[in-house]
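Working notes, structure below.
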Amino acid sequence: MSRTKADPDISRRGFIKGAVVGAGATALSGLISTTQMAEAAAKRGKWDKTVDVVVVGYGGAGAAAAIAAHDAKAKVLILEKGDKGGGSTYFSGGFFVSPRDVDGAVTYLMDCARAADGQYFDIDRERLTAWAKEAVQNEPWMQSLGAEVFISLKGWYDVPGASSYTSCQVKSNPTGVGLWEALENAVKARKIDVSYNTSGSELVTREVRGKGVEVLGIVATMGKRKLAIRAKKGVILTCGGFDYDETMLKNYLSPYPKYSVGHLGNTGDAIKMAAKTGADLWHMNMAPSTMCHKLPGVPVAYPSLLQLSAAALDVIFVNKLGKRFTNEEMPYDAVAKDLDNFDAVERDFLNVPCWCIFDEKTRVKGPAGLPVPIGNPTYTWSPDNSLEIGKGWIVKADSIAELAGKIGVDPATLEKTVTTFNGYCAQENDPDFGRKMGLIPLDKAPYYALKGYTGIWATGGGPRINTKAQVLDTSGAVVRRLYVAGSASTFPVAHLYPLSGTAIGDCFAMGRIAGRNASAERS
Ligand SMILES: Cc1cc2nc3c(=O)[nH]c(=O)nc-3n(C[C@H](O)[C@H](O)[C@H](O)COP(=O)(O)OP(=O)(O)OC[C@H]3O[C@@H](n4cnc5c(N)ncnc54)[C@H](O)[C@@H]3O)c2cc1C
């Protein structure tokens, strides 16, 4: 990185004062504190680098923010902690929401945000309208980047507006790999500077009298080097969620453990950095989830194909008591909600872990776990599950009773559960949970059991933002020149995940909003 001249408009006094605000809490362990960094930089009279906009995290939101800021004539620098970009966006199924019309999308999203007694979770029509007005541009925007796209899904839940709330995919490669290729090509075509293996560590701030906290730049860690990077217009945090921060998972989501099926770089850095500026947090209890399988020695969990394909498979999910607890064919986030239930009588999360019970017919139909990244798997799973059976990760037995014994479930209960389910299959009617598809009896030995947990596609909580993607502090005031987008602060979702594609649709919409607004700041 090149060295730049001192910034005369930032006085040493103001700089150090601000740095104290920024570092009002603690230094990151093992690093020089921001105070020391800032003082050192101020004494030297120069920053290590100066740009207009620093984008922290190079996934879908980061790419969208950087492209928008660049197209609005800002000089942009992207910092990426890993040695390549993509994050969970690259891991993904490649769906992105691009609604057909604003009103329908807002009606649908409001329905998904309903709480008890006619109340709503922390979302409102005005915010959703602003969001949807931008999100309807997602499809043409991707086309403007050179990607041919097609509409592939409409709202999962049968409520007003569902047909307006649609998701798209890239034609050439519908997975996250194809999506990322289009985004990365657009960043490269614009010659936007990306600094890999560079972690945004701490924001440099100052207190502006009467106006609150203002972000001046960011301290980044590059190997053993610390760099003070000035952002003349603003910093945009697009570092993803807190999937891999155990303490945050324990505090904000329930039950524990939950496992991530996403990118290992997502350790809640945006939230930690923004919190030091006084940022308010929202939606911390929200994480679009699925059933996953967590296998020893593999850091990333596997989304459950047994669940995602349950409509076509003879598979049932049973809890620790050996009883079914959900309609297996429901959308993944709905099944995850059932997984998360706490049983107050038993004083236990009875459904975590659960057991997926299936027979030989399902065993040979394909892998039980979905290797990720979906479009280019790093972690493998044998096509007929034989490897996982051989390692004992999938438990095998000649009878249901024997299987129950092996997994520590009462044999009589599990036998009764399977017999009852098989009876429902014969009647083509599941009076317990209303399952309509996949009513195929479990009747071909051997039988199998595989543990299931709640798996996180992404966490959704983060710094509270306004419709301009500006971070708000706990009094509702804007933290000046600080923006957040993507899974670092998912915007349109309260509790129930409305449709595949919502998270990435949000990355694009809020990323562009953040990029445009940051670049419109006065330098
Ligand atoms: C297997 C899978 C399938 C999915 N499928 C879909 C789908 O089809 N549609 C959909 O809408 N959603 C899907 N999701 C969710 C979606 O992928 C994410 O919500 C979304 O991609 C998040 O994008 P992001 O830009 O916010 O974060 P990411 O894409 O995860 O990017 C964050 C980046 O920030 C970097 N970073 C973190 N901390 C720092 C730091 N301090 N400094 C610098 N860099 C940092 C990380 O290394 C990472 O590269 C899926 C998720 C998974 C895991």
Return the pairs, sorted by first residue and then second, in which the second residue is of a type in the set (Ser, Thr, Tyr) and assigned to a strand (DSSP E or B), the first residue lies in region 356-383 and is farther than 17 Å from Gly86 by Cα, the beta carbons are less than 6 Å apart, and the residues are 6+ apart or on different chains. Phe358/Tyr448; Asp359/Tyr447; Arg363/Tyr448; Gly369/Tyr302; Leu370/Tyr302
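Filter region 239-256 down to the residues that are within 11 Å of the ligand (Cβ to nearest atom) and of a type in the set (Asp, Glu), then identify the one that is farthest from His495 (Cα to Cα).
Keep residues of region 239-256 that are within 11 Å of the ligand (Cβ to nearest atom), which gives 239-245.
Narrowing the set further to residues that are of a type in the set (Asp, Glu) leaves 243, 245.
Numbers: Asp243: 17, Asp245: 21 Å.
Ranking the candidates gives Asp245 first.
Provide a single number: the residues in region 463-506 that are assigned to a helix (DSSP H, G or I) and open to solvent by less than 10 Å² (accessible area, probe 1.4 Å).
Within region 463-506, the subset assigned to a helix (DSSP H, G or I) is 486-488, 502-506.
Within this subset, residues satisfying the condition of being open to solvent by less than 10 Å² (accessible area, probe 1.4 Å) are 486, 488, 502, 505-506.
Adding up the residues that qualify gives 5.
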Conditions (1) modelled with pLDDT of 95 or more; (2) part of a loop (DSSP other than H, G, I, E, B); (3) under 26 Å from Tyr302 (Cα atoms); (4) of a type outside the set (Phe, Trp, Tyr): number failed by Pro431: (3)
Region 75-104, residues that are more than 8 Å from the ligand (Cβ to nearest atom) and either within 21 Å of Tyr302 (Cα to Cα) or part of a strand (DSSP E or B) (or both): Val76, Leu77, Ile78
Conditions (1) open to solvent by 80 Å² or more (accessible area, probe 1.4 Å); (2) under 22 Å from the mean Cα position of the chain (by Cα); number of the one not met by Pro160: (2)
Report, by residue number, each residue of region 334-359 that is open to solvent by 30 Å² or more (accessible area, probe 1.4 Å) and in a helix (DSSP H, G or I). Lys337, Asp338
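Of everything in region 105-119 that's loosely packed, with under 15 Cβ neighbours inside 10 Å and outside any helix (DSSP H, G or I), which residue is farthest from the chain's Cα centre (by Cα)? Full working, then the answer.
Kept after step one, since they are loosely packed, with under 15 Cβ neighbours inside 10 Å, are these residues of region 105-119: 115-119.
Still in the list and also outside any helix (DSSP H, G or I): 115, 119.
Numbers: Ala115: 22, Gln119: 25 Å.
The selected residue is Gln119.
Looking only at residues that are in contact with a Phe, Trp or Tyr (Cβ under 9 Å, 6 or more places away or on another chain) and closer than 16 Å to Lys276 by Cα in region 195-214, which one is most open to solvent (accessible area, probe 1.4 Å)? Give the derivation first.
Just the residues of region 195-214 that are in contact with a Phe, Trp or Tyr (Cβ under 9 Å, 6 or more places away or on another chain), to begin with: 196, 204, 206.
Then drop every residue that is not closer than 16 Å to Lys276 by Cα, which leaves 204, 206.
Values: Val204: 3, Arg206: 56 Å².
Checked region 195-214; the qualifying residue most open to solvent (accessible area, probe 1.4 Å) is Arg206.
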So how many residues does region 370-410 have that are open to solvent by 40 Å² or more (accessible area, probe 1.4 Å) and either in contact with a Ser or Thr (Cβ under 9 Å, 6 or more places away or on another chain) or within 16 Å of the ligand (Cβ to nearest atom) (or both)? 8
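Answer yes or no as to whether Asp71 is of a type in the set (D, E, K, R), over 30 Å from Ile229 (Cα atoms) and more than 7 Å from the ligand (Cβ to nearest atom). Even if it seems obvious, please write down each step before you answer.
Details: of a type in the set (D, E, K, R): yes; over 30 Å from Ile229 (Cα atoms): no; more than 7 Å from the ligand (Cβ to nearest atom): yes.
Criteria not met by Asp71.
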Between a first residue in region 250-263 that is among the basic types (Lys, Arg) and a second residue that is within 13 Å of the ligand (Cβ to nearest atom), which pairs have beta carbons less than 7 Å apart while being 6 or more apart in sequence or on different chains? Lys258/Ile456
Tally time: how many residues in region 73-115 are charged (D, E, K, R) and more than 29 Å from Pro331 (Cα to Cα)? 6
Of (1) modelled with pLDDT of 95 or more; (2) surrounded by 24 or more Cβ atoms within 10 Å (Cβ to Cβ); (3) farther than 19 Å from Ala401 by Cα, Pro367 satisfies every one except (2)
Take region 257-309 and flag every residue that is more than 12 Å from the ligand (Cβ to nearest atom), surrounded by 21 or more Cβ atoms within 10 Å (Cβ to Cβ) and within 17 Å of Glu246 (Cβ to Cβ). Lys258, Lys294
Residue check, Leu321 against (1) more than 23 Å from Ala503 (Cα to Cα); (2) in a strand (DSSP E or B), all met but one. Which one? (2)
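The values are calculated or read from the model by the stated rules, or taken from the named source; none is laboratory data. These numbers come from a predicted model, not from an experiment. All Cβ positions, even for glycine, are placed from backbone atoms using ideal geometry, and neighbour counts span all protein chains on display. SASA here: full protein model, heavy atoms, side chains in, ligands and nucleic acids out. Shrake-Rupley method; radii C 1.70, N 1.55, O 1.52, S 1.80 Å.
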